[in-house]
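Read the figures in this text as sums done on the coordinates, not as results from a lab. On a predicted model such as this, the values are computed, not experimentally measured, just so you know.
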C-alpha cells in the first residue's frame, strides 16, 4: 500500500512531526488493533500479543514513533 509506505518514510525522516491518526493507520496496517483506551493513552495489540501504548496527542513524541518503527520491523 503506497500510502502506508509513504507514512513510514515520513516517520523515518521526520519522527517529530507525526500525527496520532498517522500512527494508528500504520499500526492497523501491520495487524495491530486498538484494545483499550485509558485516558489519552491508546493500547494496541497484534496477534502475537505484543502491546504498544501511544498517547493521543499531535504531534506524537519521537520516542513513540521510533518504537512503532522498531516493532513493525523498519
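Helix-only mean residue ellipticity at 222 nm, the chain, DSSP H runs n ≥ 4 weighted -39,500 (n - 2.57), per residue, nearest 500. What is it? Could you put the intermediate results ahead of the total?
On the way: 3 runs with 33 residues, N = 74.
That calculation yields -13500 deg cm²/dmol at 222 nm.
Where is the GNM fluctuation largest for the chain (alpha-carbon springs, 10 angstrom cutoff): 24, 51, 63?
63
With every atom except the alpha carbons ignored, what do you get for Rg and Dmax of region 2-72, in angstroms?
Rg, Dmax (Cα atoms, Å): 11.2, 32.
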